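First comes the structure, then the notes that go with it.
The values are calculated or read from the model by the stated rules, or taken from the named source; none is laboratory data. Please read these numbers as outputs of a predicted model, since none were measured by experiment. Using ideal geometry, Cβ is built from the backbone for each residue, glycine included, and neighbour counts are taken over all protein chains shown. We work out accessible area using only protein heavy atoms, side chains counted, and drop any ligands, DNA or RNA first. Shrake-Rupley method; radii C 1.70, N 1.55, O 1.52, S 1.80 Å.
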Amino acid sequence: QVQLVESGGGLVQPGESLRLSCAASGFVLAYYAIGWFRQAPGKEREAVSCISPSDDSTYYTDSAKGRFTISRDNAKNTLYLQMNSLKLEDTAVYYCAAWGPTLLGCRHVEYDIWGQGTQVTVTS
């Protein structure tokens, strides 16, 4: 019923770009806090970016600032993560997650709806 499905991952070289998508079904994404997380081999899951439902304010972890852009297409009920200037250390499984409905900012919620993940591999 309530579902998030990531897509768009792949294998790229350093400096190249990739665009991830997260399609929501069973709920209206515009009313939920939603974010991107990643988990690299042997490391804990890390919050990469999120966007808030009320004012579309965004958050980026330091490593993503200036390179990644999060956005939401309400008509398509889909979340995106544009990743530019990719680095080897960006290699990870990327997940999208949501919580709501809410008016809270996306950094102040406990995400409880998760996608299955999509693999991003950056290699030279």
Only residues in segment 1-25 that are farther than 15 Å from residue 50 by Cα count as the first member; pair them with residues that are hydroxyl-bearing (Ser, Thr, Tyr) and open to solvent by 70 Å² or more (accessible area, probe 1.4 Å), Cβ under 7 angstrom, at least 6 apart or cross-chain, and list the lot.
-> 13/124; 14/124
Keeping to segment 80-124, report how many residues are assigned to a strand (DSSP E or B) and within 19 Å of residue 1 (Cα to Cα).
-> 7
Conditions: (1) open to solvent by 60 Å² or more (accessible area, probe 1.4 Å); (2) without any contact (Cβ under 8 Å) to a residue 24 or more places away in the chain; (3) in a loop (DSSP other than H, G, I, E, B). Residue 64 meets all but one. Number of the miss?
-> (1)
Only residues that are basic (Lys, Arg), assigned to a strand (DSSP E or B) and over 11 Å from residue 96 (Cβ atoms): list them for segment 1-52, please.
-> 19
Complete set of residues in segment 92-124 that are under 12 Å from residue 10 (Cα atoms), under 14 Å from the mean Cα position of the chain (by Cα) and β-branched (Val, Ile, Thr) | 93, 118, 120
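Any idea which residue in segment 30-49 is surrounded by the fewest Cβ atoms within 10 Å (Cβ to Cβ), counting only those that are under 12 Å from residue 104 (Cα atoms) and touching a Gly at 6+ places or on another chain (Cβ under 7 Å)? Can you show your working first?
Initially, segment 30-49 is screened for residues under 12 Å from residue 104 (Cα atoms), giving 31-34.
Pick out the ones that are also touching a Gly at 6+ places or on another chain (Cβ under 7 Å) and you get 31-33.
On the way: 31: 15, 32: 25, 33: 25.
Among those residues, the one meeting the criterion is 31.
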All but one of (1) crowded, with 17+ Cβ neighbours inside 10 Å; (2) hydrophobic (A, V, I, L, M, F, W, C); (3) within 15 Å of the chain's Cα centre (by Cα); (4) within 25 Å of residue 1 (Cβ to Cβ) hold for residue 27, so report the exception by its number.
-> (3)
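Starting from residues that are of a type in the set (D, E, K, R), within 16 Å of residue 19 (Cβ to Cβ) and free of Cβ contacts under 8 Å to residues at least 24 places away in the same chain, keep the ones in segment 67-124 and report whichever is least open to solvent (accessible area, probe 1.4 Å). I'd like the intermediate steps shown before the answer.
Residues of segment 67-124 of a type in the set (D, E, K, R): 67, 72-73, 76, 87, 89-90, 107, 110, 112.
Now narrow it down to the ones that are within 16 Å of residue 19 (Cβ to Cβ): 67, 72-73, 76, 90.
Right, trim to free of Cβ contacts under 8 Å to residues at least 24 places away in the same chain and you get 67, 73.
On the way: 67: 27, 73: 47 Å².
Restricting to residues being of a type in the set (D, E, K, R), within 16 Å of residue 19 (Cβ to Cβ) and free of Cβ contacts under 8 Å to residues at least 24 places away in the same chain, the top hit is 67.
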